[in-house]
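Chemist: My questions will all concern the structure given below.
The values are calculated or read from the model by the stated rules, or taken from the named source; none is laboratory data. From a predicted model like this one, the values you see are computed outputs, not experimental measurements. Quick reminder, even Gly has a Cβ in these numbers, built from the backbone with ideal geometry, and neighbours come from all protein chains shown.
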Amino acid sequence: MESPYKGKTGLRRIWNALHYSLAGLGAAYRHEDAFRTELWFALALVPIGLWFGPGGVAKAMLVASVLLVLVVELVNSAIEATVDRISLEDHRLAKRAKDIGSAAVLISLFNVAIVWGLVLFGG
């Protein structure tokens, strides 16, 4: 069965989507320690990237690399919540899903270090 909200179109759909997105950000901030930490780092790093980036493309790369961490953390948190909703028992597939989500966050953090290092110090 499809969601009853799927039939909404136009401005009503956009309005609903905005509220769902804000609710998701609020839930992530309230319930996910990692997201909260990464958000505070992002609030510090984005202005620094905008200030120190040597040109528009460099600034965009610095900011985008930081925002990517937040996006990946949100997806990871959604995966973890879904797995926990299905079952809290230890299962190798649940562990695999959570570990893969965590690995995605780690790679996005490596990406920040590499992009910032190359943009600010690489040439």
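Chemist: Every residue in segment 77-109 that is in a helix (DSSP H, G or I) and among the acidic types (Asp, Glu), please.
Modeler: Once the filter is applied, which keeps residues that are in a helix (DSSP H, G or I) and among the acidic types (Asp, Glu), segment 77-109 yields GLU80, ASP84, ASP99.
Chemist: Would segment 3-13 turn up any residue that is at pLDDT below 95 and under 19 Å from LEU120 (Cα atoms)?
Modeler: Checked against the condition, which is being at pLDDT below 95 and under 19 Å from LEU120 (Cα atoms), segment 3-13 yields no hits at all.
Chemist: Taking the condition of being under 13 Å from the mean Cα position of the chain (by Cα), surrounded by fewer than 17 Cβ atoms within 10 Å (Cβ to Cβ) and over 12 Å from SER108 (Cβ atoms), how many residues in segment 42-78 meet it?
Modeler: Number of matching residues: 1.
Chemist: May I ask you to list the residues in segment 1-54 that are in contact with a Lys or Arg (Cβ under 7 Å, 6 or more places away or on another chain) and in contact (Cβ under 8 Å) with a residue 12 or more places away in the chain?
Modeler: Within segment 1-54, GLY49, LEU50, GLY53 meet the criteria.
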